[in-house]
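First comes the structure, then the notes that go with it.
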Amino acid sequence: MKNATGIGMLAAITFAVGMVGLNFSDGIFDLQSNTASSYSEGSSILGHIEVIHTDSEGNILSYQQTDNAIVNDGRNCTAMLLFGANSGCTAATASGLGKYTVIGISNGSALAATTANTVLPAEITVGDGLNAVTGTVGTFTNSTADSDPAVQRISNQFTYSASATQTGNIINAAGLFNQTALGADRGVFALKNFPSSVTMNPGDQLTVNWDITIDGSDAVS
């Protein structure tokens, strides 16, 4: 019965966020635009992140969404994929770069407000179901008209192990990477501090949906 309640609640939230972003973590409503700020004109690559926290029985504890920052490494590597190697991309070749489908989360200090970031501070690497993993690549939304962006979603549901000894694990940020292994050869595409931190207890789940949008709505002539 609790799962049915959670599903109904999620449907209601989905309807609501079609108009605005909604964050009710800790009982606080925080309205945010559901449309990335650069959609209106010009060409751009945009990121949008959705974070859903549920308990072990599927009850929704918080929902939040926000735009994210495409960092310098992500921009440079995208240019490399389109036009050839450059000195600003972590990977030397397109084949070495791979795909940006790995999602990692952090329980440490907040990200600095700069797109020069190359790592996710205090990224979780100790296991318990919260380590970075290759996410599920969802259905690609094709651009078919002048005003239509192309959108790709990457998702993962982290399940905090029921046997974990740490309660109150505070998750505050996420990153989108090209590989799970840490190191100088790891590429980062996007990073984002959560609007509100998420406190996870053993058995909780955290779903991260990452939408990457390629938009260019200016008229050809």
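All of the numbers you see were taken from the coordinates with simple rules; none came from a lab. The model shown is predicted, which means the values in this text are computed figures rather than measured ones. Virtual Cβ from ideal backbone geometry, glycine too; neighbours counted across all protein chains shown.
The chymotrypsin sites (Phe, Trp or Tyr not before Pro) found in segment 103-168 that occupy coil by DSSP, while having at most 16 further C-beta atoms within 10 Å, are Phe140. Neighbours of Gln157 by Cβ distance under 14 Å: Lys/Arg scored +1, Asp/Glu scored -1, total -2. If you add up the charges near Ile45, with Lys and Arg at +1 and Asp and Glu at -1, over every other residue whose beta carbon is less than 14 angstrom from its beta carbon, what do you get? Computed value for this residue: -3. Of the peptides 70-76, 167-173, 141-147, the ranking by mean beta-carbon count within 10 Å, highest at the top, reads 70-76, 167-173, 141-147.
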